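The values are calculated or read from the model by the stated rules, or taken from the named source; none is laboratory data. Bear in mind the structure is a predicted one, so any value in this text is a computation, not a measurement. With ideal geometry, Cβ positions are generated from the backbone for all residues, glycine too; neighbour counts draw on all protein chains shown. Remember, those area values only see protein heavy atoms, side chains included, never the ligands or the DNA or RNA. Shrake-Rupley method; radii C 1.70, N 1.55, O 1.52, S 1.80 Å.
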Amino acid sequence: MKPDYKNWIPKGMLFSLIAGTMLSLALLLVFGVFGIGVSGKLRIVLSVVFGIAFVVCAKYTVWCVYAYRSFSYDGERKLSKQIIDGTAEHITLPEGGVGLDIGCGSGALTIACAKRNPQGKMVGIDRWGKEYASFSLPLCEKNAAAEGVKNASFRRGNAVKLDFPDESFDAVTSNYVYHNITGKDKQQLLLETLRVLKKGGTYAIHDLMSPGRYGDMQAFVQKLREMGYERVELIDTTDGSFMTPKEAKRLMLRGSTLLLGRK
């Protein structure tokens, strides 16, 4: 059995854009180019409307196909796998330790961390909302079974308010989750994540940490150091470590940053 980690670009979005492009092109040809059933100013208006619709849909379809192929676990680039593996390598569990992966989606990062730490176990949580309907708790469990991983479990949870006491875990991790949570202070979300991390535990949180989303992250790093964190690092993963600057720009992943260290 082969694991199915899905794609960060939902197939529904891809098919909808392709259908929208084809429909707008057909309407442009029928009413704009050939003028079937219309003439004069109405034909001109319809030509402009459907022409704009076609250009917009075609542009996003091209981007969507490119992103889908880049993120695919079965494709040539396998960017998703590179990011998952690159994040997981920073997570270390002690003997019998437990790590938490927040926003686990299809279970990829949870499982990758579990495979690297057979001496401990990982817990993956997610709200599994309708935005990513193809991701689910059963899917995570199937993927763990397909990978032969028995030290990973999954449950529902909310990144905004974690249902765990302070210092519950020996490691915490997350990948491209917090930027999707609208209306919440991203630095407060980070603090909520680190709240459940034990003293001496490791953390690796990867997200789009641009100033517009996260504010001054250098100041946040200094804040963690003043709080007594043993090690705090910010790594720009668009410098070639996970992706090239050109890829980050094309895939709308500029600002991808890894916050990692030890509490």
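Residues of segment 37-48 that are in a helix (DSSP H, G or I) and open to solvent by less than 60 Å² (accessible area, probe 1.4 Å): GLY40, LEU46, SER47.
Scanning segment 79-95 for residues that are open to solvent by less than 70 Å² (accessible area, probe 1.4 Å) and either part of a loop (DSSP other than H, G, I, E, B) or among the charged types (D, E, K, R) (or both) returns ASP85, HIS90, ILE91, LEU93, PRO94.
Looking at this structure, is THR110 part of a loop (DSSP other than H, G, I, E, B) and either of a type in the set (Ser, Thr, Tyr) or open to solvent by 10 Å² or more (accessible area, probe 1.4 Å) (or both)? Before you say what the answer is, go through the steps one by one.
Values: part of a loop (DSSP other than H, G, I, E, B): no; either of a type in the set (Ser, Thr, Tyr) or open to solvent by 10 Å² or more (accessible area, probe 1.4 Å) (or both): yes.
Spelling it out, it is not the case that THR110 is part of a loop (DSSP other than H, G, I, E, B) and either of a type in the set (Ser, Thr, Tyr) or open to solvent by 10 Å² or more (accessible area, probe 1.4 Å) (or both).
Taking the criterion of being over 27 Å from VAL48 (Cα atoms), open to solvent by 60 Å² or more (accessible area, probe 1.4 Å) and part of a helix (DSSP H, G or I), the only residue of segment 1-31 that qualifies is LYS11.
Checking each residue in segment 178-188 for being in contact with a strand residue (DSSP E or B) (Cβ under 6 Å, 6 or more places away or on another chain) and open to solvent by 10 Å² or more (accessible area, probe 1.4 Å) picks out only HIS179.
Among the residues of segment 231-263, those that are outside any loop (DSSP other than H, G, I, E, B) and of a type in the set (A, V, I, L, M, F, W, C) comprise VAL232, LEU234, ILE235, ALA248, LEU258, LEU259, LEU260. In segment 115-138, the residues that are open to solvent by 40 Å² or more (accessible area, probe 1.4 Å) and of a type in the set (A, V, I, L, M) reach residues that are at pLDDT below 95 and part of a helix (DSSP H, G or I) with C-beta atoms within less than 9 angstrom, at least six apart or across chains, in these pairs: ALA133/GLY12.
Would you point out the residue of segment 211-259, among those that are more than 19 Å from the chain's Cα centre (by Cα) and among the polar types (S, T, N, Q), that is least open to solvent (accessible area, probe 1.4 Å)? So, considering only residues that are more than 19 Å from the chain's Cα centre (by Cα) and among the polar types (S, T, N, Q), the one least open to solvent (accessible area, probe 1.4 Å) is GLN222. Given the criteria on the phi > 0 side of the Ramachandran plot and surrounded by 14 or more Cβ atoms within 10 Å (Cβ to Cβ), does GLY51 qualify? Answer is no for this residue. Of all residues in segment 189-210, which are buried (at least 22 other Cβ atoms within 10 Å of the Cβ), under 15 Å from LEU258 (Cα atoms) and touching a Lys or Arg at 6+ places or on another chain (Cβ under 9 Å)? The answer is THR202, TYR203, ASP207, MET209. Selection of segment 119-175 for residues being among the acidic types (Asp, Glu) and either in a helix (DSSP H, G or I) or over 23 Å from LYS2 (Cβ atoms) (or both) yields GLU131, GLU141, ASP163, ASP166, GLU167, ASP170.
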